[in-house]
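First the structure, in the form of structure tokens, and then the observations on it.
Please treat every number below as a calculation from the coordinates, not as lab data. None of these values were measured; they are calculated from a predicted model. No Cβ is skipped: glycine too gets one built from the backbone with ideal geometry, and neighbour counts run over all protein chains shown.
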């Protein structure tokens, strides 16, 4: 979406990419994206899935039509995408990690962690 990180953008973008890739097979596929943040207000913002016209300026007209709903002066992620995304507060440094996941995307999160915290959250055997 925009060049700066917006709450929920990563989870919604992954869901949209999967829906596009699966195309007509998406309705039969079980897709669940977990989006987490340490900040409760950030999680609430992500759940709303609402972005300004400026934030979606680089989204193609086809994607806007297919995956967003115009709400006043904003765009909201459509139900088809929002139903596949679950947002929760999670502290990687204190809370146990999720298990049985197929993909983990940590956009920019590792740069904010010390080496000790990073190795505690992501044991070396799981890192690529």
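For the stretch 64-104 and the stretch 4-48, write down the distance between their C-alpha centroids in whole Å. Their Cα centres are 3 Å away from one another.
Extending 7 Å from the Cα toward the beta-carbon at both residue 73 and residue 58 defines two label points whose distance is 2.3 nm. Take the Cα of residue 88, step 7 Å toward its Cβ, do the same at residue 44, and the gap between the two points is 2.0 nm. Of all DSSP-defined beta bridges confined to the stretch 9-123, some 60% are antiparallel rather than parallel.
Rounded, prolate or oblate, given the Cα gyration tensor of the stretch 1-97, with a/c below 1.5 counting as rounded? The shape class here is oblate. Here the gap between residue 23 and residue 103, fully extended at 0.36 nm per residue and compared with their Cα-Cα distance, gives a gain of 26.8 nm.
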